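Trainee: For reference, the structure I am asking about is given below.
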Amino acid sequence: MIVEKHVTTALDVECPPGSEPLTVLDAYDGCLLDCPYCFQRSDPSWNAEITVKTNILDVLGAELESWPKDALICVGSRSDPYMPLERKYRLTRQCLQLLDEHNVTVVITTKANTQMILADLDLFTHWRNDLKILVGFSNLRHYQNLEKVSDLQSLETLRRLTEHGVAVEAFITPVLPGITDVEQILPFIDPDIPVYLDKLRISDQNSARVLEYIRQHYPARIPMYERILHDGEDEYYAGLCRNAEVVDRCTFTFSDSQV
């Protein structure tokens, strides 16, 4: 269910797994991409409804009056900033315009469709301060009925953004065995673009959803995912960590992510 609400704060501090505290900005709370593995599922109330923060611009404007200009703001944590709902409300775009007016350094994290992201290309190409877009490769919908790896939307997003001089990084987090084939994806990513990997982390909060998704779309791979869940045995990811070409090309995101 989608609900419109007023909020009292726009900026929040979050500690993603294995990361230092980050200041985050979400124009929405909850995510229509509904990735079964999402770490936000550790909060049982997350995604029970999708909240549209209708007054976020007023609240953000007030908070930015005292915001240190050299301090980073990460856009996209409890929602993907370019999920389909953005087409209607355009709150991400308006927040970005406000951040740009205040000369803020911004990192945007998204794994949404190329068309949605490129709708704000005009903002990205004229950003006053530093801007970086982290493009995700673990949107499971992008792999359904995919005929060629080269047709991945995330690859197209990287190409289009770099053509216009926008700083980008690629993150294949988590690596999903039998779906996100890292060795096939890497040759299509410009070698100058940083690539980040992390293993699939199945917890009590997301295990049922992950297994149900695999059972529905990749039933032959259920034993593989059950081993990851019950034994922590991810043979595919362990092989990536032993592959010298992958190790030389990629950064393993967290301290425990290279096994």
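Trainee: Looking at Thr125, is it surrounded by 20 or more Cβ atoms within 10 Å (Cβ to Cβ), touching a residue at least 12 places away in the same chain (Cβ under 8 Å) and either in contact with a His (Cβ under 9 Å, 6 or more places away or on another chain) or among the hydroxyl-bearing types (Ser, Thr, Tyr) (or both)?
Mentor: Here the answer is no, as Thr125 does not meet what is asked.
Trainee: Can you name every residue in the range 130-145 that is surrounded by 21 or more Cβ atoms within 10 Å (Cβ to Cβ), of a type outside the set (A, V, I, L, M, F, W, C) and without any contact (Cβ under 8 Å) to a residue 40 or more places away in the chain?
Mentor: Scanning the range 130-145 gives Gly136, His142.
Trainee: Just give me the residues in the range 1-45 being over 27 Å from Thr105 (Cβ atoms) and aromatic (Phe, Trp, Tyr), in sequence order.
Mentor: Tyr37
Trainee: I would also like to ask the following. Any residue in the range 96-117 that is surrounded by fewer than 18 Cβ atoms within 10 Å (Cβ to Cβ) and small (Gly, Ala, Ser)?
Mentor: no
Trainee: Do we find a residue being surrounded by 13 or more Cβ atoms within 10 Å (Cβ to Cβ), out of contact with any strand residue (DSSP E or B) (no Cβ under 9 Å at 6 or more places or on another chain), in contact (Cβ under 8 Å) with a residue 12 or more places away in the chain and over 30 Å from Ile172 (Cβ atoms) anywhere in the range 53-64?
Mentor: Within the range 53-64, one or more residues are surrounded by 13 or more Cβ atoms within 10 Å (Cβ to Cβ), out of contact with any strand residue (DSSP E or B) (no Cβ under 9 Å at 6 or more places or on another chain), in contact (Cβ under 8 Å) with a residue 12 or more places away in the chain and over 30 Å from Ile172 (Cβ atoms).
Trainee: Give me the pairs, please: first residue somewhere in the range 195-211 and at pLDDT below 95 and among the hydrophobic types (A, V, I, L, M, F, W, C), second residue anywhere and outside any loop (DSSP other than H, G, I, E, B) and surrounded by 21 or more Cβ atoms within 10 Å (Cβ to Cβ), beta-carbon distance under 6 Å, and either six or more positions apart or on two chains.
Mentor: Short answer, once both residue conditions are applied: Ile202/Val210; Ile202/Ile228.
Trainee: Answer yes if at least one residue in the range 170-184 is closer than 22 Å to Leu33 by Cβ and over 21 Å from the mean Cα position of the chain (by Cα), and no otherwise.
Mentor: No: zero hits.
Trainee: Looking at the structure I just gave you, is Pro17 at pLDDT 95 or above and in a loop (DSSP other than H, G, I, E, B)?
Mentor: no
Trainee: Please go through the range 78-95 and give me each residue that is crowded, with 23+ Cβ neighbours inside 10 Å, not charged (D, E, K, R) and not in a loop (DSSP other than H, G, I, E, B), ordered by number.
Mentor: Thr92, Cys95
Trainee: Looking at the range 152-208, which of its residues are within 17 Å of Tyr236 (Cβ to Cβ), assigned to a loop (DSSP other than H, G, I, E, B) and not charged (D, E, K, R)?
Mentor: Passing the criteria: Thr173, Pro174, Val175, Leu176, Pro177, Gly178, Ile179, Thr180, Leu200, Ile202.
Trainee: Would you please name the residue that is surrounded by the most Cβ atoms within 10 Å (Cβ to Cβ), looking only at residues in the range 192-225 that are among the polar types (S, T, N, Q) and touching a Lys or Arg at 6+ places or on another chain (Cβ under 7 Å)?
Mentor: Asn206
The values are calculated or read from the model by the stated rules, or taken from the named source; none is laboratory data. Owing to the predicted nature of the structure, the values given are computational and were not obtained by experimental measurement. All Cβ positions, even for glycine, are placed from backbone atoms using ideal geometry, and neighbour counts span all protein chains on display.
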